[in-house]
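First up is the structure itself, then whatever we jot down about it.
The values are calculated or read from the model by the stated rules, or taken from the named source; none is laboratory data. Bear in mind that the values here come from a model prediction, so they are computed numbers and not experimental data. Neighbour counts are summed over all protein chains in view; Cβ atoms, including those assigned to glycine, are modelled from backbone coordinates with ideal geometry. Each accessible area value is taken on the protein alone, full model and side chains, heavy atoms only, with ligands, DNA and RNA left out. Shrake-Rupley method; radii C 1.70, N 1.55, O 1.52, S 1.80 Å.
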Amino acid sequence: MQVAADYLEVLQVAIPQALEDAGVDPADVIGIATDFTACTMVPTTEDGTPLSEVPGLASEPHAYVKLWRHHAAQGQADRLNELARKRSEVWLARYGGLISSEWEFAKGLQLLEEAPDVYARTAHFVEAADWIVWQLCGTLTRNACSAGYKGILQDGTYPSPDFLAELHPGFADFVTDKIDRPLAALGDRVGSLTEQAAALTGLPAGIAVAAGNVDAHVTAPAAQSIGPGQMVLIMGTSTCHVMNSDVLREVPGMCGVVEGGIAPGLWGYEAGQSGVGDIFEWFTTQQVPAETRQAADEAGLTVHEHLSRLAAEQAVGEHGLLALDWHSGNRSVLVDHDLSGLVVGLTLATRPEDVYRALLEATAFGTRLIVETFDEAGVPVREIVVAGGLKKNTLLMQIYADVLNLPLSTIGSDQGPALGSAIHAAVAAGAYSDVQAASDAMGRVDRASYRPDPERAEAYGTLYDDYRALHDHFGRGGDDVMHRLKARRREVRR
């Protein structure tokens, strides 16, 4: 279980160290902005104390932070979606027709149903991004990004009390009691750094504190990619796909479309894959034999580097495998966290590098499906821009270029979210007029870093057709075996 106090300790340690590493005098800092992975929820008292720190609640799991990839509220999400469809709630289409178990309402409903006493003691059910800003400036606000994508805030309203009451009578006032607070646009100054926060961080009291933001969305301006049609892939343990457009469309399976959700004046779209780097890490730590580890050690490489070198020598399709990238469920476009991973084609001759490459390819196929879904919905993707730690894997990047048959641009910074936060801090402090101007001045990008190879792209086109067939068979009703296996596992472990 994670405690919110850790986040403050990060600020206490990281900010002075970052200033020292950069050779910056703290007195020259004019503003601070932060980002966080959403939807990460902190149940707190009225004054912002996390419930896990309240006497008597340390042993209560629901008093702790609910991390973004907490999927235990799938049952609540299923009921929420079913009721929204039954009532023809207009906001449902803004989320691709499905609300995720990762988001605020499903997590809040789970808290009420499984720990009603903890729910009753929760004065604020607040995004970690907003909680940190609250600790910095003493003002509780809701950033427009988290509120729109994770809090079902559309056209100025949340789901109605009567809708919530139909889910559970005690849930009717969830919005007004737990989550509805003043909204802050991205780049807004929401307050000034307090004396207490200044002592914690080593920064001057009184500097601008910007509205909170989501780590993926804040990366787009850092990559100078907030124009319509520029899809930014923030690739790490998971991948978040964000993109602005000047049109509003309903995209099946998207995670949301929010006006001003990425940059003011445009419709910000989000999609995602729940597992990407996590899948590769699972394979290298849990499935690779000792001799492969030894070979990597002898070559002075990590297991990832060793397998990537071996896999790079293969032609497309040489390994004879095809995988589904659902080891952590599917976020887009199926929005079903009870789906699971699959590798087809295994034989006694299959080697670790074969499976590794198939898993890399599976995540690229998943992204291609997302891109095609956007295109077909009338939100064309004109450029792919990659940020995040996985851009360091050149094999993976080339596979993505070949599978997508599009040039790949890459962010020119290893710290995209931090740079994006700095951009918003500069706007909040008045150094730039808006996010676009700050992005133009401070963002970094290398255009068309990777270009598709025509022969490999054609070969991947054939494999992708098979991926689509597997995707639809196991994800759209052809066979429900993945759900049955998950249900049986839960029953046995109960």
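Taking all Cα pairs closer than 8 Å and separated by 6 or more residues, the relative contact order of the stretch 357-494 comes to 24 percent. As a rough guide to protection, the peptides 128-136, 475-483 ranked by mean Cβ packing within 10 Å, highest first, stand as 128-136, 475-483. Largest first, the extents of the alpha carbon coordinates of the chain on the three principal axes equal 62, 54, 47 Å.
The charge dipole of the stretch 380-494, taken about the Cα centre with unit charges on the Cβ atoms of Lys, Arg (+1) and Asp, Glu (-1), comes to about 800 debye, rounded to the nearest 20. When Val10, Val218 are compared by accessible surface with a 1.4 Å probe, the order from highest to lowest is Val10, Val218. Of the peptides 343-352, 24-33, 208-217, 95-104, the order by per-residue mean of other Cβ atoms within 10 Å, starting with the highest, comes out as 208-217, 95-104, 24-33, 343-352.
Heavy-atom accessible surface of the chain, averaged per residue, reaches 40 Å², computed with a 1.4 Å probe. When the alpha-carbon atoms of the stretch 82-153 are used, the pair Rg, Dmax equals 14.1, 42 angstrom. Short to long, the 10 Å bins of the Cα pair-distance histogram for the stretch 163-274 hold 13, 29, 30, 23, 5 percent of all pairs. Taking 27 Å as the limit for the C-alpha separation, the pairs Lys392/Lys486; Lys86/Lys150; Lys391/Lys486 exceed it in the case of Lys392/Lys486; Lys391/Lys486. Using the Stokes-Einstein relation with a Kirkwood hydrodynamic radius computed over Cα pairs, the translational diffusion coefficient of the stretch 284-347 at 4 °C and a viscosity of 1.567 mPa s comes to 93 µm²/s. Rounded to the nearest 5, the antiparallel percentage of DSSP beta bridges internal to the chain is 65%.
If every alpha-carbon in the stretch 11-154 counts as one equal scatterer, what log10 I(q)/I(0) does Debye give at q = 0.10, 0.21 1/Å? For the requested q values the scattering log ratios are -0.42, -1.28. One Cα centroid belongs to the stretch 322-342, the other to the stretch 261-297; the line between them spans 13 Å.
Only Cα pairs under 8 Å and at least 6 apart count here; give the relative contact order of the chain as a rounded whole percent.
16
Taking Val492, Val54 and ordering them by how much accessible surface each has at a 1.4 Å probe, largest first, produces Val492, Val54. Taking each DSSP H run with n ≥ 4 as -39500 (n - 2.57) and averaging over every residue of the chain yields -12500 deg cm²/dmol at 222 nm. When you count the other C-beta atoms within 10 angstrom of each residue and take the mean per peptide, 282-294, 257-269 line up highest first as 257-269, 282-294. What a 1.4 Å probe finds exposed on the chain is 50% carbon and sulfur by accessible area, rounded to a whole percent.
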